[in-house]
1. What nm value, rounded to one decimal, do you get for the distance between Ser18 and Val106 when each label is placed 7 Å out toward the C-beta?
2. Which loop-located GluC sites (Glu not before Pro) does the stretch 50-115 contain, where loop means any DSSP state but H, G, I, E or B and the Cβ has at most 11 other Cβ atoms within 10 Å?
3. Once you treat every alpha carbon in the chain as an equal point and sum by Debye, what is log10 I(q)/I(0) at q = 0.14, 0.24 Å⁻¹?
4. Find how many whole Å separate the alpha carbon centroid of the stretch 36-73 from the alpha carbon centroid of the stretch 86-109.
5. For the chain, set up a GNM with springs between Cα atoms under 10 Å and report which of Gln49, Gln37, Gln25 has the largest fluctuation.
6. In degrees between 0 and 90, to the nearest 10, how far off the longest principal axis of the chain does helix 13-114 point, with axes built from Cα atoms?
Amino acid sequence: MSGQGARKSTPLVGGTKSTTSNKVQAVDKEVHAVAEQMTENVAVMLNNQQKLNELEVAASNLESNAAVFIKEAHGIKTHMRCKNWKLCCIIILIVVAILLVIAIVVIIPLVLKFI
């Protein structure tokens with residue numbers, strides 16, 4: 001049995017060059033495929049890096065715009081609160097004036113009757 005195994009493992013002299021050449025070609029194809037895949041991966045990575053940089057710029061712009069929005073919203077809120085207080089004061093003054101006019105119209109004739 002050991003003799004048969006030895007015959008199978010020893011190639012013929014003419015077959016060694018083609019077998020070695022086939023192995024070299026196979027390894028060369030594999031190296032070429034890996035190199036293409038790595039080139040593609042590097043291109044994808046660079047594209048992702050560019051997109052990430054664009055997202056960082058957009059996020060920075062949004063952050064600064066949000067700060068401006070919050071500041072302006074606070075100013076508008078304060079302005080509207082002040083405007084609301086002015087309106088409430090005007091309404092109260094109008095109601096008090098109407099009550100005074102009614103009181104004067106009703107009270108003066110009553111006082112004049114008793115005099």
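1. Result for the modelled spin labels: 12.5 nm.
2. Those that pass, being in a loop and sparsely packed, number zero.
3. For the chain at q = 0.14, 0.24 Å⁻¹, log10 I(q)/I(0) is -0.92, -1.20.
4. 63 Å
5. Of the options given, Gln25 has the highest mean-square fluctuation.
6. In the chain, helix 13-114 runs at an angle near 0 degrees to the longest axis.
FYI, it's all coordinate maths here, none of it is from the lab. These numbers were taken from a predicted model, which means no experiment stands behind them. Counting neighbours? That spans all protein chains shown, and the Cβs are built from the backbone with ideal geometry, glycine included.
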